[in-house]
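Student: Before I ask anything, here is the structure I am working with.
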Amino acid sequence: QKEVEQDPGPLSVPEGAIVSLNCTYSNSAFQYFMWYRQYSRKGPELLMYTYSSGNKEDGRFTAQVDKSSKYISLFIRDSQPSDSATYLCAMFQSGTYKYIFGTGTRLKVLA
Amino acid sequence: GAVVSQHPSRVICKSGTSVKIECRSLDFQATTMFWYRQFPKQSLMLMATSNEGSKATYEQGVEKDKFLINHASLTLSTLTVTSAHPEDSSFYICSAAPETMDAETQYFGPGTRLLVL
């Protein structure tokens, strides 16, 4: 079993839709949870990070963590064509300094 | 945010040659740099962790004699793919972390696409 599981997609949605991206993990020692956005042939850029269960909101993005279920989500409201990218979840265990990435979900927002 | 650069952005080489990729932190000192490899439609896989002035720590299954890492200064780490073969073709991404690293302060470079013919 992989430490982090993420549906690779692709996921196609119409402009303005609410997008839900998800990851599950198996290592209960993970303490930090990040979402990265990666455009084609570019390095990943950090969108959001959180370290506690619950929701964290930043503009159109909401990160949700449920440690009891080992499940994290990223919600994108009012999705735009410019949101079309691959979204990677990443997990981090304090002291290891190692990020474990999901496979990424390819998102396409149709105009 | 902090900037990490990589050079070259793209390289094509013949099988058997060596290729050097540079990773630079432009506006901060990076105590630790990480090298990742990403195959098409796959996740980033950590190859090695390098700390300035010491030997790199390689992940299981990564050949340290094939992927030479040098972290000679607090702003520069290099990855040399020695005797490259077509199966080494991939997207190589570095990230850099400042001394007081928190989870969110690992900054990624734009990546280097390597194609070995």
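The values are calculated or read from the model by the stated rules, or taken from the named source; none is laboratory data. Everything numeric in this text was worked out from a predicted model, so none of it was measured. Virtual Cβ from ideal backbone geometry, glycine too; neighbours counted across all protein chains shown. Surface areas here come from the heavy atoms of the whole protein model, side chains and all, with no ligands, DNA or RNA. Shrake-Rupley method; radii C 1.70, N 1.55, O 1.52, S 1.80 Å.
Student: Would you mind telling me which numbered condition in (1) within 14 Å of another protein chain (Cβ to nearest Cβ); (2) not in a loop (DSSP other than H, G, I, E, B) B:Val62 fails?
Tutor: Going through (1) within 14 Å of another protein chain (Cβ to nearest Cβ); (2) not in a loop (DSSP other than H, G, I, E, B) one by one, B:Val62 breaks only (2).
Student: Limited to the stretch B:65-88, what total is found for residues that are in a loop (DSSP other than H, G, I, E, B), surrounded by 14 or more Cβ atoms within 10 Å (Cβ to Cβ) and at pLDDT 95 or above?
Tutor: Total satisfying the criteria: 3.
Student: Related question: Of all residues in the stretch A:16-55, which are of a type in the set (Gly, Ala, Ser) and either more than 10 Å from chain B (Cβ to nearest Cβ) or closer than 12 Å to A:Val65 by Cα (or both)?
Tutor: A:Gly16, A:Ala17, A:Ser20, A:Ser26, A:Ser28, A:Ala29, A:Ser40, A:Ser52, A:Ser53, A:Gly54
Student: Looking only at the stretch A:86-97, which residues are open to solvent by 10 Å² or more (accessible area, probe 1.4 Å) and either under 17 Å from the mean Cα position of the chain (by Cα) or more than 9 Å from chain B (Cβ to nearest Cβ) (or both)? Explain how you work it out, then say what you get.
Tutor: Initial filter on the stretch A:86-97 (open to solvent by 10 Å² or more (accessible area, probe 1.4 Å)): A:86, A:93-97.
Selection gives A:Thr86, A:Gln93, A:Gly95, A:Thr96.
Student: Still on this structure: Collect the residues in the stretch B:1-31 that are open to solvent by less than 70 Å² (accessible area, probe 1.4 Å), in a loop (DSSP other than H, G, I, E, B) and on the phi < 0 side of the Ramachandran plot, keeping them in residue-number order.
Tutor: Taking the stretch B:1-31 and keeping what is open to solvent by less than 70 Å² (accessible area, probe 1.4 Å), we get B:2-6, B:8, B:11, B:13, B:15-17, B:19, B:21-23, B:25, B:28, B:30-31.
Subsequent filtering for residues that are in a loop (DSSP other than H, G, I, E, B) retains B:2-3, B:8, B:15-17, B:28.
Selection gives B:Ala2, B:Val3, B:Pro8, B:Ser15, B:Thr17, B:Phe28.
Student: Return the only residue of A:Pro81, A:Pro8 being surrounded by fewer than 18 Cβ atoms within 10 Å (Cβ to Cβ) and within 14 Å of chain B (Cβ to nearest Cβ).
Tutor: A:Pro8
Student: Right, next: Can we say A:Ser40 is under 17 Å from A:Gly102 (Cα atoms) and exposed (fewer than 14 other Cβ atoms within 10 Å of the Cβ)?
Tutor: It is true that A:Ser40 is under 17 Å from A:Gly102 (Cα atoms) and exposed (fewer than 14 other Cβ atoms within 10 Å of the Cβ).
Student: Considering only residues of the stretch B:33-59 that are assigned to a strand (DSSP E or B) and open to solvent by 50 Å² or more (accessible area, probe 1.4 Å), which is nearest to the other protein chains (Cβ to nearest Cβ)?
Tutor: Within the stretch B:33-59, the subset assigned to a strand (DSSP E or B) is B:33-38, B:44-51, B:57-58.
Next cut, open to solvent by 50 Å² or more (accessible area, probe 1.4 Å) only: B:45, B:51, B:57-58.
Working: B:Met45: 8, B:Asn51: 10, B:Thr57: 10, B:Tyr58: 12 Å.
If we take residues in the stretch B:33-59 being assigned to a strand (DSSP E or B) and open to solvent by 50 Å² or more (accessible area, probe 1.4 Å), then B:Met45 is nearest to the other protein chains (Cβ to nearest Cβ).
Student: Further, regarding this structure: Does A:Val13 meet the test of being more than 10 Å from chain B (Cβ to nearest Cβ) and surrounded by 16 or more Cβ atoms within 10 Å (Cβ to Cβ)?
Tutor: yes
Student: Restricting the search to the stretch B:89-117, which residues are open to solvent by 10 Å² or more (accessible area, probe 1.4 Å) and at pLDDT below 90?
Tutor: B:Pro98, B:Glu99, B:Thr100, B:Met101, B:Asp102, B:Glu104, B:Thr105, B:Tyr107 - these are the residues of the stretch B:89-117 that are open to solvent by 10 Å² or more (accessible area, probe 1.4 Å) and at pLDDT below 90.
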